[in-house]
Each structure stands twice: as structure tokens, then as C-alpha cells.
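The values are calculated or read from the model by the stated rules, or taken from the named source; none is laboratory data. Owing to the predicted nature of the structure, the values given are computational and were not obtained by experimental measurement. Glycine also receives a Cβ, built like all others from the backbone with ideal geometry; neighbour counts cover every protein chain displayed. Just the protein is used for accessible areas: all its heavy atoms, side chains included, with ligands, DNA and RNA removed. Shrake-Rupley method; radii C 1.70, N 1.55, O 1.52, S 1.80 Å.
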Amino acid sequence: MEVLEAIKARRSIRKYKTDPVDNKTVELVLEAARWAPSWANAQCWRFIVVRDGNIKAELANTLIDNPAYDAIMNAPVVIVACAELEKSGYYQEKPATDKGDWYMFDVALAMQNLVLAAHSLGLATVHVGRFDAKKAARILQVPKGFCVVVMTPLGYPAQERDPRPRKELSEIVFYDKFGLEREVK
Ligand SMILES: Cc1cc2nc3c(=O)[nH]c(=O)nc-3n(C[C@H](O)[C@H](O)[C@H](O)COP(=O)(O)O)c2cc1C
């Protein structure tokens, strides 16, 4: 599937078939994540592939008032993205910019690669961020120095969704300086 087509046709899916996803297919999407760019190539991301029903249920219960609850509970696979702290955005063990730790950015790049690759293989995903990440870290025995960032169910879609609206380019793109619209010639 062409990249632009995948970007435009991907949807957040919250209803999943119970059909299994084999390990080879899971590896394909993780491979896409692995090839994401990262700060100084630090690759602070780590991924946990969860198939165990009890662990999926425990993870679902970390969600906070979240429409993705059933998806985390019932999809055949849940992928949890973690990050090693104080690597991304750091130079000589100090933050190199006013942004501090850039792990959210690097993990987001990897996860977006992952969800696009999944879509190109006919699989569905949804980035899930609204959950108690500390609780999830305890469930998954994530060690000190790492945190849980985001998770996604992975499986075959049991629903089709219309695209959600996006702002027009004219609302989000400026020219030369913030707030400046393109001069009409
Ligand atoms: C960082 C991030 C966190 C998100 N967290 C959740 C979440 O906790 N639960 C959920 O159902 N959807 C979540 N979403 C999905 C968004 O609601 C969805 O991407 C957005 O509405 C646009 O829809 P689309 O992905 O189908 O284009 C999240 C998306 C992002 C990028």
C-alpha cells in the first residue's frame, strides 16, 4: 500500500474480531516501528506484546473512562510501548533543549509507523493514551528508568469508520512567520 494512501485511510478502530494474528505478522509491524527515526538514534522505545487474556484484562482496567476499553480487553494482541527515560533529547546526560525528555516524540514516531504498517496489512489499531501508566507499568513489571507511554490493540477490524474531520491547511499552516497567511498573487 502506498504511504499517502495508508496515512489517509487509517482509522482508529475500537471493535475487533477474535481472529488470531500470527507472530510473523506482529513482527512485521514491530519491524516498521524499529525503523522509525529517533533522537541521536537512541531508540529509547521498548515494546511489550501482550497476548495473555488476564494481562489484557488488567491493562483494560487501567483505562480511564475510555472508549477503547473493549478493544484492549478483546483484541487478540495488545502492544504496549515503553520508553527508557533520559536518553532522548539528552546530550552528555543533560537535556539538550528546553523540552527536556523527548521520549514521547520518539515513541510517537515509532507507534505511528507501527499503526500505518498494521493498516497496510489489513489490521486495525488505536493509539490509547488515557490510562494509568504507573499502574500499567506495575502490571507489566516495567523496570525503574523506563515508563509506559501508550498502548494499542492489534487485530482484524470488526467495524468500518468514517474519517474524523481535520482542520483545513489554511487553519494550521503559516508562511514565513506564525500567523501569516500566504499572499495571494
Ligand atoms: C496520543 C493519542 C492518544 C489517544 N488516546 C486515546 C484513548 O485513550 N482512547 C481512545 O479511544 N482513542 C485515543 N486516541 C485516538 C484518537 O481519538 C483518534 O486518533 C482521533 O480521534 C482521530 O481519529 P482517527 O485516528 O480515526 O483519524 C488517541 C490518539 C492519540 C494520537
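Details
- The HN-Hα couplings worked out from phi for segment 74-87 by the Karplus form 6.51 cos²θ - 1.76 cosθ + 1.60 (θ = phi - 60°) are 10, 5, x, 9, 10, 10, 10, 9, 10, 9, 7, 7, 6, 10 Hz, whole numbers, x standing for Gly and Pro.
- Using all pairs of distinct alpha-carbon atoms, the Kirkwood hydrodynamic radius of segment 132-185 works out to 16.4 angstrom.
- Fraction of accessible area attributable to carbon and sulfur, segment 24-145 (%, probe 1.4 Å): 53 percent
- With θ taken as phi - 60° and the Karplus curve 6.51 cos²θ - 1.76 cosθ + 1.60 applied, the whole-hertz 3J(HN,Hα) list for segment 160-169 is 10, 10, 6, x, 7, x, 10, 4, 6, 4 Hz, x standing for glycine and proline.
- Segment 41-185: Rg to Rh, with Rh as the Kirkwood radius over Cα pairs: 1.06
- The largest-to-smallest principal axis extents of the Cα set in segment 1-127 are 47, 36, 26 Å.
- Lys15/Arg51 FRET efficiency (R0 25 Å; Cβ-Cβ; nearest 0.05): 0.85
- Annotation: per residue accessible area for segment 1-95 equals 61 Å², rounded to a whole number [probe 1.4 Å, protein chains only].
- Relative contact order, percent, segment 24-151 [alpha-carbon distance under 8 Å, six or more residues apart]: 33 percent
- Cα-centre dipole for the chain with unit charges at Cβ (Lys and Arg positive, Asp and Glu negative), debye to 20: 260 debye
- Nitroxide proxy distance, nm - points 7 Å out along Cα→Cβ at Ala6 and Glu27: 1.8 nm
- What the Kirkwood sum gives for segment 104-145 is a hydrodynamic radius of 12.1 Å, with every pair of different alpha carbons counted.
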